[in-house]
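Here the structure is laid out as structure tokens; the discussion comes afterwards.
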Amino acid sequence: MKLTLATALLAASGCVSAGQPKLKRQTNSSSELAFSPPHYPSPWMNPQATGWEDAYARAREVVEQMTLLEKVNLTTGVGWSGDLCVGNVGSIPRIGWRGLCLQDGPQGRLPAGGRNWEGFAVDPYLSGVAVAESVRGIQDAGAIANVKHYIVNEQEHFRQAGEAQGYGYDVDEALSSNVDDKTMHELYLWPFADAVRAGAGSVMCSYQQINNSYGCQNSHLLNGLLKDELGFQGFVLSDWQAQHAGAATAVAGLDMAMPGDTRFNTGVAFWGANLTNAILNGTVPEYRLDDMAMRIMAAFFKVGKTLDDVPDINFSSWTKDTIGPLHWAAQDNVQVINQHVDVRQDHGALIRTIAARGTVLLKNEGSLPLNKPKFVAVIGEDAGPRPVGPNGCPDHGCNNGTLAAGWGSGTASFPYLITPDSALQFQAVSDGSRYESILSNWDYERTEALVSQADATALVFVNANSGEGYISVDGNEGDRKNLTLWNGGDELIQRVAAANNNTIVIIHSVGPVLVTDWYENPNITAIIWAGLPGQESGNSIADILYGRVNPGGKTPFTWGPTVESYGVDVLREPNNGNGAPQSDFDEGVFIDYRCSSHAPIFEFGYGLSYTTFEFSNLQIERHDVHDYVPTTGQTSPAPRFGANYNPKEALADPKYGQTAEEFLPEGALDASPQPRLPASGGPGGNPMLWDVIHGHRDRDQHG
């Protein structure tokens, strides 16, 4: 789940017989999946919902004071780079509301999916447990958790038509993820149910279409499943530019439009003034705006905030400069915009612990943990620094040096980055070991000469990267092109192993990679998957290699022997003319370990340890539970909360509602023949006004 939380299921799917490997090709949508049923009206919040009672009571006190325009201000962003945060909603100074600052994935159906690394696991139950704990942790710290991207947003290709056109694809609409009801409930919706039960304050709807209806105006998903069936009490906000309509999105369940403008920096909005007019002319019901405002304010109060507890924003999302424009798009009001506040506390130590404990030991033939080896030879560019610095590539959109985070809006800048090379060299010096490193994947001659020396323990660092679709790295348009290691990593491993009988492979990757060609090599004595460890990368892997921390991680996805063993792949070419590419999830619920088409190399949940465990006396206990009883009855009527819906006052127009005859000046509508003005009659006025009355001639002309 992507945090600011998105759920994701990394999966091998499309079960086929082991004797007939086959990769499913996406086809045009099946008739039963091509349509998303409507669900109206949009469910209104329940002030008595468990865990929300106090938040809604406090929200009501505030919302009852708001005018129509003030409520609209809550729902519409101020525009891309219109304020200091990535997303900002308008302020209401009259009641002391500064506005919300919004700072920034998938279930992981596709192993090559670009943003899988932002999620938790391939299993919906495990993802649900993890997202629930994350929601509680974030909101206990006073921030509103955002669970995204709702829903089945499983690949980067074609997620936005404009983005796809930028890569040369002739498509006019975003991808449609076509999913049946059983699969939706049992796989993709399940983690969101856990998030809702944990009290998540917000959910972000996704870019793509679901069953050929855009995620941010899909009434079945927003009104029907999320707000009605799951009883979600927070607010739904759009992904940035995922809103494709005005009134249609409001009645379908969208509560906040981000970043506010229809396209970045256009100044044109689907909502804003248009939402005001829609309320006044009855296109959008008044209760719906009240519901939006209540949901937004309740989420704010639920995390322990008050109107007196909204600090000024002390950073800018648009520059690291200390002084700059308050409103980046307008380049106005230059002042101190970055106060460079250090809020980390013991974050470094925590990151180091998490990274080490989450490391997965995939193979160990007795070579680990290391015990003061005589000679440590570190090989591969993934062990070293990025030449342009840890933050030298915008949003980490490159792959050189050690891989500690994927790319895109879901990443963050490193305050520092400890590389494996630096940490392991420090360890070797402490142990009195000899140490050398070659931080290149291509210098085969020197590499083979180094690792073939006596007593060499060869540590080979390799990686595979991915990220969000607006960045392409080495032809990987968000999603990975394949499941191989990057920058010749597979060949590097095999060359080192051919020259050294104690080769240890460390993989930094966003998901599974193909290890079939080399994992059984007897000279490869250990394989470690270290994921994306963050700023303490080097220290955390040193802790594992030298036994200070036991590798307790379990792989959250299956490592298949071939690409075909995963059953489905990213849809990389349009399959519906220039219409919405169609991605049918016809593998249903049979993904990853649920699909037994091929024996995995490392199964979901696999992970070795430096110790042994023994279980005994295991028992299964049955709990007494009542038979399931479906919910019946009706909701209360849609509540209304105060407000000024007087059109004259709402629009600040004293003439609102008058006919043209009433408010236009006398004669403005008169279409009858009109008297001509005396000085009129031609271009420049009456032609006679241009007659020359007097002239002058000089009788004594001289040449």
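Points worth noting:
- As a summary of the residue check, Leu571 satisfies the conditions (1) out of contact with any His (no Cβ under 7 Å at 6 or more places or on another chain); (2) modelled with pLDDT of 80 or more except for the one numbered (1).
- Answer residue from the range 130-170, given it is in a loop (DSSP other than H, G, I, E, B) and hydrophobic (A, V, I, L, M, F, W, C) and is surrounded by the fewest Cβ atoms within 10 Å (Cβ to Cβ) among those: Ala141
- Applying the condition of being surrounded by 22 or more Cβ atoms within 10 Å (Cβ to Cβ) and in a helix (DSSP H, G or I) to the range 237-250 and asking which residue is nearest to the chain's Cα centre (by Cα) yields Thr249.
- Residue in the range 218-236 that is farther than 20 Å from Gly51 by Cα, out of contact with any Leu (no Cβ under 8 Å at 6 or more places or on another chain) and assigned to a loop (DSSP other than H, G, I, E, B) present: yes
- Test: residue in the range 102-112 that is modelled with pLDDT of 90 or more, in a loop (DSSP other than H, G, I, E, B), out of contact with any Lys or Arg (no Cβ under 7 Å at 6 or more places or on another chain) and buried (at least 24 other Cβ atoms within 10 Å of the Cβ): no
- Restricting Asp586, Asp543, Asp592 to residues that are touching a Phe, Trp or Tyr at 6+ places or on another chain (Cβ under 8 Å) and crowded, with 17+ Cβ neighbours inside 10 Å narrows the list to Asp592.
- Taken together, Gln165, Gln160 contain a single residue that is modelled with pLDDT under 95 and over 26 Å from Val89 (Cβ atoms), which is Gln165.
- Residue among Val268, Val284 that alone is part of a loop (DSSP other than H, G, I, E, B), assigned by TED's automatic domain parsing to the domain that holds Glu64 and under 26 Å from Gly231 (Cβ atoms): Val284
- Residue in the range 416-424 that is under 27 Å from the mean Cα position of the chain (by Cα), at pLDDT below 95 and within 30 Å of Lys320 (Cβ to Cβ) present: no
- Selected residue [of a type in the set (A, V, I, L, M, F, W, C), touching an Asp or Glu at 6+ places or on another chain (Cβ under 9 Å) and not assigned by TED's automatic domain parsing to the domain that holds Leu237] from Ile296, Ile313: Ile313
- Subset of the range 241-269 [hydrophobic (A, V, I, L, M, F, W, C), under 30 Å from Val135 (Cα atoms) and in contact with a strand residue (DSSP E or B) (Cβ under 7 Å, 6 or more places away or on another chain)]: Ala242, Leu254, Met256, Ala257, Met258
The values are calculated or read from the model by the stated rules, or taken from the named source; none is laboratory data. In this text the structure is predicted, and so the values were computed from the model without any measurement. Because the Cβ atoms are built from the backbone with ideal geometry, glycine has one as well, and the counts that use them run over all protein chains shown.
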